[in-house]
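Each remark here refers to the structure printed beneath this line.
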Amino acid sequence: MESAAPDQTDAPHEAHAFAVPPAVAIASLGGTITMVADETGTGVRPALDAAALVASVPGLADAARLVTETLATKPGASLEVGELLAALEWAEARIADGAAGVVLVQGTDTIEETAYLLELHWRRPEPLVVTGAMRPPQAAGADGPANLLAAVQVAGAPESRDRGVLVVMNDEVHAAARVRKTRSSGVGAFASLDFGPLGHVEEGRVVYGSPAAPHAALPLPAARSHPPVALIETHLGDDGRLLELVHDAGYAGAVLGGFGVGHVSAGLARAVRELAPGFPLVLATRTGGGTTFRGTYGFRGSERDLLDAGVIGAGWLDPRKARMLLATLLADGASPARIHAEFAERGGRPAPATGSE
């Protein structure tokens, strides 16, 4: 039951104590945060629904007025684009119903990709927060309850508006476009290596280090699916045959995780020059941090050589997020010029003065 409004004579701090908590919607897609062991002893599997998750978190009912729903019960590695777009539409409907923010719970294996997909399409000023857990509920030191509580606090905070899709893990608030899973295990597995987290949750309050910046959303694909886009990490001795096989297999495009600031071998550069004129190719760095360059190096296979061949620079986007952006744009039927422009904007580089819509 909601508390009655405080008397007008109450002190300011007492009025705050009796304020009606914000409305926050929570949906579960599954993941480690929902996993429990069964009688077979073969390891934990997704089982808990959204209501069970909420019931297990001390203090959560005091943080917000909650609406819960279970949209899927799957490991993060098995989530599909259509399910995520359906979750996006569910989140938008809850905002239309009056929620101050929405939390989506899922497996951490794919959060760095799924959160960015949601970010590309999120049109509302209210926050959409993605969270999960690195340890299952029955493990000592399970992090799911703390992550869910922090995510709800972030989703309900007015300061979170106009920040797009956020990832909340380990009391840190990350931008969906920057966050990466940097360790295979441990509660501190997520980081934004280049620019750090956007904010932190301290004593139940979210504190941001910079002002909010509204973002532009891309239209949803009519088919609610993506064309196949490959992600290829180059390596010592790469002769380009894998890229050729990807092209011949009917992929709609590919992202290359290049060395350093965007370099590949001379052999792979040959294949790139042959395919790039009619095959969307994006160049990112495989290092895990930093940006691709545009004009520092000039050897065969350098960033300048590849860009001159028609490759698109990913800038600050890592290979996984670059693949998500390219697939999203191809699903929308974007022209080559628009693809260049979107990567220039979202990757943090000025648009090249080539081509037109």
For this session: Please verify whether the stretch 165-178 includes one or more residues that are assigned to a loop (DSSP other than H, G, I, E, B), in contact with a helix residue (DSSP H, G or I) (Cβ under 7 Å, 6 or more places away or on another chain) and within 25 Å of ALA216 (Cβ to Cβ).
Result: yes
Problem set entry | Residue pairs meeting the criteria (Cβ under 8 Å; at least 6 apart or on separate chains; first within 19 Å of ALA87 (Cβ to Cβ), in the stretch 124-142; second open to solvent by less than 30 Å² (accessible area, probe 1.4 Å) and among the charged types (D, E, K, R)) | ARG124/GLU92; ALA133/ASP143
Exercise. What residue, of ALA61, ALA50, ALA91, ALA87, is of a type in the set (A, V, I, L, M, F, W, C) and surrounded by fewer than 19 Cβ atoms within 10 Å (Cβ to Cβ)?
Worked result: ALA61
Problem set entry | Residue satisfying all of: in the stretch 20-45; open to solvent by 60 Å² or more (accessible area, probe 1.4 Å) and not acidic (Asp, Glu); modelled with the highest pLDDT among these | ARG45
Exercise. Are there any pairs with C-beta distances below 9 angstrom linking a residue in the stretch 177-191 that is without any contact (Cβ under 8 Å) to a residue 12 or more places away in the chain to a residue that is outside any loop (DSSP other than H, G, I, E, B), with the two at least 6 apart or on different chains, and if so which?
Worked result: ARG183/PHE190; ARG183/ALA191
For this session: Confirm whether GLU126 is modelled with pLDDT of 95 or more, crowded, with 20+ Cβ neighbours inside 10 Å and charged (D, E, K, R).
Result: yes
For this session: Find the residue count for the stretch 96-117, including only residues that are under 8 Å from the mean Cα position of the chain (by Cα) and assigned to a loop (DSSP other than H, G, I, E, B).
Result: 0
Exercise. PRO221 is checked against (1) open to solvent by 60 Å² or more (accessible area, probe 1.4 Å); (2) of a type outside the set (A, V, I, L, M); (3) in a loop (DSSP other than H, G, I, E, B); (4) touching a helix residue (DSSP H, G or I) at 6+ places or on another chain (Cβ under 8 Å) and fails just one. What number does that condition carry?
Worked result: (1)
For this session: Could you tell me which numbered condition THR296 fails, if it satisfies all but one of (1) open to solvent by 20 Å² or more (accessible area, probe 1.4 Å); (2) part of a helix (DSSP H, G or I)?
Result: (2)
Exercise. Pick from the stretch 182-217 the residues that are assigned to a strand (DSSP E or B) and open to solvent by less than 40 Å² (accessible area, probe 1.4 Å): which of them is nearest to GLY348 (Cα to Cα)?
Worked result: ALA191
Exercise. Looking at the stretch 252-264, which of its residues are open to solvent by 30 Å² or more (accessible area, probe 1.4 Å) and within 10 Å of ASP238 (Cβ to Cβ)?
Worked result: PHE259
Exercise. Is there a residue in the stretch 269-280 that is surrounded by fewer than 17 Cβ atoms within 10 Å (Cβ to Cβ), modelled with pLDDT under 95 and more than 30 Å from ALA223 (Cα to Cα)?
Worked result: no
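Report, by residue number, each residue of the stretch 80-89 that is in contact with a helix residue (DSSP H, G or I) (Cβ under 6 Å, 6 or more places away or on another chain) and either over 16 Å from VAL24 (Cα atoms) or outside any helix (DSSP H, G or I) (or both).
Answer for the stretch 80-89, where residues must be in contact with a helix residue (DSSP H, G or I) (Cβ under 6 Å, 6 or more places away or on another chain) and either over 16 Å from VAL24 (Cα atoms) or outside any helix (DSSP H, G or I) (or both): just LEU84.
If the requirement is being on the phi > 0 side of the Ramachandran plot, modelled with pLDDT under 95 and of a type in the set (Gly, Ala, Ser), which of these qualifies: GLY250, GLY333, GLY240, GLY288?
Going through GLY250, GLY333, GLY240, GLY288 in turn, just one is on the phi > 0 side of the Ramachandran plot, modelled with pLDDT under 95 and of a type in the set (Gly, Ala, Ser): GLY288.
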Exercise. When the stretch 151-181 is examined, which residues are found to be more than 24 Å from LEU325 (Cβ to Cβ) and open to solvent by less than 50 Å² (accessible area, probe 1.4 Å)?
Worked result: ALA151, VAL152, GLN153, VAL154, ALA155, GLY156, ALA157
For this session: Please state which of the following conditions GLU203 fails to meet, knowing it meets all the rest: (1) free of Cβ contacts under 8 Å to residues at least 40 places away in the same chain; (2) more than 23 Å from VAL152 (Cα to Cα).
Result: (2)
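The values are calculated or read from the model by the stated rules, or taken from the named source; none is laboratory data. Every value quoted in this text rests on a predicted model; they were computed, and no experiment measured them. Note: ideal-geometry Cβ built from the backbone for every residue, glycine included; neighbour counts use all protein chains shown. Surface areas here come from the heavy atoms of the whole protein model, side chains and all, with no ligands, DNA or RNA. Shrake-Rupley method; radii C 1.70, N 1.55, O 1.52, S 1.80 Å.
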